[in-house]
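Values quoted throughout were computed directly from the atomic coordinates according to the rules given, and no laboratory measurement underlies them. A quick note: this is a predicted structure, and the numbers were derived from the prediction, not measured. Backbone-built Cβ (ideal geometry, glycine too); neighbour counts: all protein chains shown.
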Amino acid sequence: MKALMKKLDRFFDHVFDEHKRKKKELSKDFVARDMVDLLLQLVDDPDLNVKLTYDHIRGLILDLITGGTNTSALTVEWAISELIKQPQLIGKATEELDRVTGRERWVEEKDIPQLPYLDEIMKETMRKHPIAPLLAPHLAMEDCKVAGHDIRKGTRVFVNTWSIGRDPFLWEQPEEIDVKGRSFELLPFGAGRRMCLGYILGLKMVQLSIANLLQAFNWKLPDDTKVEDLSMEEGSGISTPRKFPLVAVIEPRLLLHLYKI
Ligand code: HEM
């Protein structure tokens, strides 16, 4: 553990040095471009009520990495797996994408509100494959009553988000189902004070990634795999991964010059 922490510290020092070097190089033209830039600005700020140290920044960045990477990436992998299982859904989603963006440019964040079908795909993925089906363990700070049950102060509570939801096939207007902790039908990010604090970024990342992957590529399984053989088994972990990584064959669906960086 100690050796690992040393490695991680070296990594952080490298990241801090890189960011400081860029800031120095750009001098007056410097604008903060990412979270590390912003946090480094705060560490230098003498006017902050709560002083931010380099250790705080290391902790915050670790929170962002652990909370923000696997969660979004796994949700995207589950979404693509579900879509490959039901190719007619890919057809509907790409139809919507082509209608909104055309085939001459990449989908962007500003297009997302015009893509309701994509939103439904994301919500349905989050319902079928919640990244944290029991959320994180919570602790009752005081005696309370939840749905008629007495919960004693100090009780460790797991919220079973699956037992709360209704069958979404009964949803008449899926666009009204909210994933932001207001609609108890679906709580992929939890709700209330301990709700995921990265949910806005998470939603954007997941929507844009699925949109990009569908816009960019035709998806199919390798020739020797049948759709019904694609396993949807879950593995174990803090966030719920696929038991077997998705293996898929992709080919570009837009003009090749768009793929040049
Ligand atoms: C699809 C993406 C994501 C999903 C499904 C997700 C899900 C969750 C869930 C279920 C919790 C626990 C809520 C509870 O206990 O009630 C949580 C907590 C948290 N998430 Fe996310 N998350 C996602 C993306 C992100 C991102 C992008 C970040 C940061 C950049 C992030 C940072 C955090 C942090 C720091 C916590 C702990 C909050 C606390 O305990 O007060 N998450 N997330």
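From the backbone phi of region 106-112, what are the Karplus-calculated ³J(HN,Hα) couplings (6.51 cos²θ - 1.76 cosθ + 1.60, θ = phi - 60°) in whole Hz, Gly and Pro given as x?
Along region 106-112, the couplings run 7, 5, 10, 4, 5, 7, 3 Hz.
For region 56-61, take each phi angle, set θ = phi - 60°, evaluate the Karplus expression 6.51 cos²θ - 1.76 cosθ + 1.60, and give the result in whole Hz per residue in order, putting x for glycine and proline.
Once rounded to whole Hz, the list reads 4, 4, 4, x, 5, 5.
Express the Stokes-Einstein translational diffusion coefficient of region 42-111 in µm² s⁻¹, to the nearest whole number, given a Kirkwood radius over alpha-carbon pairs, 4 °C and a viscosity of 1.567 mPa s.
Numbers: Rh = 16.1 Å.
D, rounded to a whole number, is 80 µm²/s.
Do you know the Lys pair count in region 2-68 for C-alpha distances under 29 Å, with sequence separation 8 or more or different chains?
Number of lysine pairs found: 18.
Determine the gain in length on full extension of the stretch SER183-VAL100; use 0.36 nm per residue of separation and subtract their C-alpha separation, reporting nm with one decimal.
Residue separation times 0.36 nm, minus the Cα-Cα distance, leaves 27.0 nm.
Return the loop-located trypsin sites (Lys or Arg not before Pro) in region 33-69 (DSSP other than H, G, I, E, B) with at most 15 other Cβ atoms within 10 Å of their own Cβ; answer none if there are none.
For trypsin sites (Lys or Arg not before Pro) across region 33-69 that sit outside H, G, I, E and B with at most 15 neighbouring Cβ atoms in 10 Å, the list reads ARG33, LYS51.
Given the options ASP44, ASP178, ASP29, state which has the largest fluctuation in a GNM of the chain using a 10 Å cut-off (strictly under) for Cα springs.
Highest fluctuation among the options: ASP29.
Give, to the nearest whole percent, the P(r) tail of the chain beyond 31 angstrom, counting all Cα pairs.
That tail contains 42 percent of the Cα-Cα pairs.
By how many nm would the segment from LEU64 to ASP229 grow when fully extended, if each residue of separation counts as 0.36 nm and the alpha-carbon distance is taken off?
55.9 nm
So, in nm, how far is label ASP13 from label LYS220 when the simple model puts each one 7 Å beyond its Cα toward the Cβ?
5.3
Highest mean first, how do 94-105, 126-137 rank when packing is the count of other Cβ atoms within 10 Å averaged over residues? Let's see the in-between values first.
Details: 94-105: 13.9, 126-137: 17.6.
Most protected by this proxy first, the peptides run 126-137, 94-105.
Along the charge dipole of region 59-120, which of GLY91, LEU115, THR66 sits closest to the positive end, that is, farthest toward it, with unit charges on the beta carbon of Lys, Arg, Asp and Glu (+1, +1, -1, -1)?
GLY91
Computed FRET efficiency, Cβ-Cβ of LEU139 and GLU251, R0 35 Å: what is it to the nearest 0.05?
After rounding to 0.05, the efficiency reads 0.10.
With just the Cα atoms defining each centre, how far is region 176-228 from region 47-61? Give it in Å.
So the separation of the two Cα centres works out to 31 Å.
For region 22-139, max minus min Cα coordinate along each principal axis, in Å, sorted largest first?
Largest to smallest, the principal-axis extents are 57, 46, 20 Å.
Give me, ordered by chain and number, the residues 5 or more places off ILE151 or on other chains with an amide H under 5 Å from its own placed amide H.
Residues meeting the criterion, in which the H sits 1.01 Å from N, are CYS144, LYS145, VAL146.
Could you point to the residue in PRO46, MET5, SER27 farthest towards the positive end of region 2-68's charge dipole, with +1 and -1 charges on the Cβ of Lys/Arg and Asp/Glu respectively?
Farthest towards the positive pole: MET5.
Which one of ALA191, LEU230, LEU246 has its Cα pushed farthest toward the positive end of the charge dipole of region 73-259, where Lys and Arg give +1 and Asp and Glu give -1 at the Cβ?
Final value for the positive-end residue is ALA191.
Label-point separation (nm) for GLU25 and GLN88, each offset 7 Å from Cα along Cα-to-Cβ?
Using points 7 Å along Cα→Cβ, the separation is 5.3 nm.
With a cut-off of at most 13 other beta carbons within 10 Å, and DSSP calling the residue loop, which GluC sites (Glu not before Pro) in region 190-261 qualify? Please list them. Please list the in-between numbers first.
Details: sites: GLU228, GLU233, GLU234; in loops: GLU233.
Here the sparse-neighbourhood loop sites are GLU233.
Hey, what D do you get for region 2-68 in µm²/s if you plug the Kirkwood alpha-carbon radius into Stokes-Einstein at 10 °C and 1.306 mPa s?
The estimated diffusion coefficient comes to 123 µm²/s.
Apply the Karplus curve 6.51 cos²θ - 1.76 cosθ + 1.60, θ = phi - 60°, to the phi angles in region 191-202 and return the couplings in whole Hz, x for Gly and Pro.
7, x, 5, 9, 4, 3, 8, x, 5, 5, 4, x
About the Cα centre, and with charges only on the beta carbon of Lys, Arg (+1) and Asp, Glu (-1), how big is the dipole of the chain? Nearest 20 debye, please.
820
To the nearest 500 deg cm²/dmol, what mean residue ellipticity at 222 nm is calculated for the chain from DSSP H runs of n ≥ 4 alone, each contributing -39,500 (n - 2.57), summed and divided by the residues?
Taken over the chain, the calculation gives -14500 deg cm²/dmol.
Measure off 7 Å from each Cα along the Cα-to-Cβ vector at ILE151 and LYS2, then give the distance between these two points in nanometres to one decimal.
Roughly 4.0 nm, to one decimal.
Kindly provide the chymotrypsin sites (Phe, Trp or Tyr not before Pro) of region 1-44 that DSSP labels as loop, not H, G, I, E or B, and whose Cβ sees at most 16 other Cβ atoms within 10 Å.
PHE30
How many Lys pairs in region 73-259 lie less than 17 angstrom apart by Cα atoms, where the lysines are 8 or more positions apart or on different chains?
Counting lysine pairs in region 73-259 gives 14.
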